[in-house]
Structures are given as structure tokens and as C-alpha cells.
1. Got a sec? Which of THR118, THR72 is of a type in the set (Ser, Thr, Tyr), over 26 Å from CYS238 (Cα atoms) and part of a helix (DSSP H, G or I)?
2. If I ask for residues that are of a type in the set (D, E, K, R) and surrounded by fewer than 17 Cβ atoms within 10 Å (Cβ to Cβ), which ones from the range 183-198 would you list?
3. Output yes when any residue across the range 199-219 is under 14 Å from the mean Cα position of the chain (by Cα), polar (S, T, N, Q) and surrounded by 20 or more Cβ atoms within 10 Å (Cβ to Cβ), and no when none is.
4. Could you tell me whether any residue of the range 167-182 is in contact (Cβ under 8 Å) with a residue 60 or more places away in the chain, surrounded by 18 or more Cβ atoms within 10 Å (Cβ to Cβ) and within 15 Å of the chain's Cα centre (by Cα)?
5. Looking only at the range 1-25, filter to residues that are part of a helix (DSSP H, G or I) and among the small types (Gly, Ala, Ser); which one of those is surrounded by the most Cβ atoms within 10 Å (Cβ to Cβ)?
Amino acid sequence: MLANLDERFQDAVQELWDSRARQQQRQIDSGRIDAGARGAVTGGAQMGALEVLLTDVLVDAGLEPGHVRVGTALELPGYYRPEKKWDLLVVVDGQLLVAVEFKSQVGPSFGNNFNNRTEEAIGNAEDIWTAYREGRFGKNPAPFLGYFFLLEDCAKVHAPVRNVEPYFPVDPIFKGSSYAKRYEVLCDRLVLERKYSACCLTLATNSTPTKVTFPSSSLSFRQFAATAKAHIRAFVSCRS
């Protein structure tokens, strides 16, 4: 593993917040009407430093840098739709090795967005695995499918959320749970049900310096990176 992985991850998360702030300021300076919190979202992606860090992890495992795709040529065929654009891909000699989604959730609205993110994560996984079953990616070993999620660490995500149960009770694990806990359950179950090979759930304060925490070691970036790296090492060893 990269010797300075934790430090670089901290810097990459800080860059996400700094990038959002720069984008929002550019919107304000240009007089755009969405120059509030939405301006930081509509201004563009902020996950670039995290994508670079994961790229370096994969290269450290023996992958050639040119095989990692970010930014462009990120579409993969689906089963329920023609294609879906991922955030980071590794394709070598016609073999899909890695597909990763990078997502974030920043306040003030967490309720509807949690449901949307849940449906999106499950749907994307179901789509790509069914396409894999149907031979869209050739008769190759299963790829590493990764889901990275960054949640703004603030008081609202730790407050208990009321459940609406007009007919049937919700799963007891969600009783009195916060949004942070709900995302933890989501990520744990995405891996448990083999929807994703690994998930990383990062809580980070919107501050300088940002404070980064993980709800559990199994959802840490170090564990996420280790799983992805092991997948690439297995591929490289089979080719040598």
C-alpha cells in the first residue's frame, strides 16, 4: 500500500471542499442565479483528487497508468439501458477489471437525497452485473465494482430520523437511526449482498482542515484501496 495513503486521502478530501468553494465563488463572480449551495454542485465534479489517488493505488499494484480511465471514455453497456457513465474504469485487452462510482452528499437536504442515492447505487450495480451475466464484457473473471461515498459530517446527519410506518414496521436496524447510520447500513449491505466488491463511506467536515472519519474499518478508504489493489495484483500475476 502507498506509504502516505492516509495523508494523501486527507488532502484529497480537503481538495473536494476547496474545489466546491472555488466553483461557488466563480458562480457568484459571474452573476449566475444558482450561486448558492447549488452552485457548488452545478459547477462541476470535485472528486478529481480522489480519482488520482485511487489511480496511484492501482498503478502501485502493477497496472500500467494508461489503462486507468477518468474524465473521458467512461461508458459501459448496461442491461436495462444502453450505457452508463462510471467515474473510473480499468479495461485491459478487452477485459473490464475495475468500475468505480464516486458520490457525495452535502447538506442541507439529506432526506430525499438518501433515497435517491440508495436507488441509484442498487440500480447501477444490478444493471452492470446483469450485463456481465449476459456477456457484455466477454467471458472474463468478474470485475472489481467499487462504490465510494462521502457524506458531509454535520449535526444534521447524526440526528435521529423519524420513520413513517402506516402499514408495516421498518427493519429494526433503522429504528431511531440517523442519516449517517442509514448510509452505513446501506454500504454494509451493498457489500454483504455482493452488489459491490467494496464500499467506502467517508464522513468529512466542511472545514479547513477537514476532519475525516469512517463509521467502521470495513468501510475505510484503506480497506477499499486494499481490496481494489488485491484484485489488480491477481490480474497482473496471472499475466506474468
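Each reported figure results from applying straightforward, stated rules to the coordinates on display, with no laboratory input. None of the values given here were measured: they were computed from a predicted structure. In this analysis, Cβ positions are derived from the backbone assuming ideal geometry, glycine residues included, and neighbour counts consider all displayed protein chains.
1. The conditions single out THR118.
2. Within the range 183-198, ARG189, GLU193, ARG194 qualify.
3. Looking for residues that are under 14 Å from the mean Cα position of the chain (by Cα), polar (S, T, N, Q) and surrounded by 20 or more Cβ atoms within 10 Å (Cβ to Cβ), one finds at least one in the range 199-219, hence yes.
4. no
5. Checking each candidate, the answer is ALA12.
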